[in-house]
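Report on the structure given below.
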Amino acid sequence: MLIRREGKWIHRSIEDPASNVLHKAMVYSPTSGNAGILTAGGTRAILKLWEKGAEPEIVWEADFGGKFSRMREMEAVATHDQGVVAGGQVEILRFEAGTEPRGGTKIASLEDKLCRFLTVGDIDGDGRKEMVDADSRGFEHAAILVDLDGDKTDELYVANDMGGEVNRYVWREGSVHKTTIHKYPEELSYLTWNINAAPVELIP
């Protein structure tokens, strides 16, 4: 977790003894109870709600019968040992209302094997949203466009796993400016599965 306080980015972490990794994390407000951080486990298919100052609550859990019951997304589940999807070129398709499942319009192609994230936002403040493809690298290459500084223009936050860092990009005076907001120790092997924004008061 990266928290900005008094002009500095502070790094802290939480660990779930039931999983070797947290595949996803996001803000969740249950119909009853307090809002917190919802995490999806990577060794067991388990959703936990973390509230500040309290033990995490198990919201949902299941066993799919594979070696690992992984939660790959919050909306879908999969087991790595029971099937994969792979192709050598990634096509980005646009589907408008009423489009048939096979009728998407190709808007871009990427010479790559994976495309984990597509994120859009208004990074230059012109009222039009852009789709971002940064020049950093990583297996997941997690990214998000969000206005965290409140200036009505989105910033781009990217986990550059190959560089062991998290970067922030802002648009100023007609060009993009990069700032490294966190650098991981070189002796540690980090992989950022996703990036989501959360109110500071909810961070456990």
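For region 120-140, state whether one or more residues are modelled with pLDDT under 75 and touching a His at 6+ places or on another chain (Cβ under 9 Å). Yes: one or more hits. List the number of the failed condition for Thr105; all other conditions in (1) closer than 29 Å to Gln89 by Cα; (2) modelled with pLDDT of 85 or more; (3) out of contact with any strand residue (DSSP E or B) (no Cβ under 8 Å at 6 or more places or on another chain) hold. Among (1) closer than 29 Å to Gln89 by Cα; (2) modelled with pLDDT of 85 or more; (3) out of contact with any strand residue (DSSP E or B) (no Cβ under 8 Å at 6 or more places or on another chain), Thr105 violates only (3). In region 37-47, the residue that is modelled with the lowest pLDDT out of those that are of a type outside the set (Ser, Thr, Tyr) and within 17 Å of the chain's Cα centre (by Cα) is Gly42. Looking at region 1-19, which of its residues are of a type in the set (A, V, I, L, M) and either closer than 22 Å to Phe68 by Cβ or assigned to a strand (DSSP E or B) (or both)? Residues satisfying the conditions are Leu2, Ile3, Ile10, Ile14, Ala18. The listed residues are Leu148, Leu110, Leu156, and the only one of them that is of a type in the set (A, V, I, L, M), modelled with pLDDT of 85 or more and open to solvent by 20 Å² or more (accessible area, probe 1.4 Å) turns out to be Leu148. Filtering region 161-190 to residues that are open to solvent by 60 Å² or more (accessible area, probe 1.4 Å) and under 19 Å from Gly150 (Cα atoms) leaves Trp171, Arg172, Glu173, Val176, His177, Lys178, Thr179.
Is there a residue in region 20-31 that is exposed (fewer than 11 other Cβ atoms within 10 Å of the Cβ) and part of a strand (DSSP E or B)? No, region 20-31 contains no residue that is exposed (fewer than 11 other Cβ atoms within 10 Å of the Cβ) and part of a strand (DSSP E or B). Here Val59 meets each of (1) at pLDDT below 85; (2) surrounded by 12 or more Cβ atoms within 10 Å (Cβ to Cβ) with one exception, condition (1).
Every residue, every condition in (1) closer than 22 Å to Glu201 by Cβ; (2) of a type outside the set (Val, Ile, Thr), yes or no:
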| site | (1), (2) |
| --- | --- |
| Gly7 | yes, yes |
| Ala18 | no, yes |
| His23 | no, yes |
| Met26 | yes, yes |
| Pro30 | yes, yes |
| Thr39 | yes, no |
| Leu47 | yes, yes |
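The values are calculated or read from the model by the stated rules, or taken from the named source; none is laboratory data. Computed from a predicted structure; not experimentally measured. We place every Cβ from the backbone using ideal geometry, glycine too, and count neighbours over all the protein chains shown. Surface areas here come from the heavy atoms of the whole protein model, side chains and all, with no ligands, DNA or RNA. Shrake-Rupley method; radii C 1.70, N 1.55, O 1.52, S 1.80 Å.
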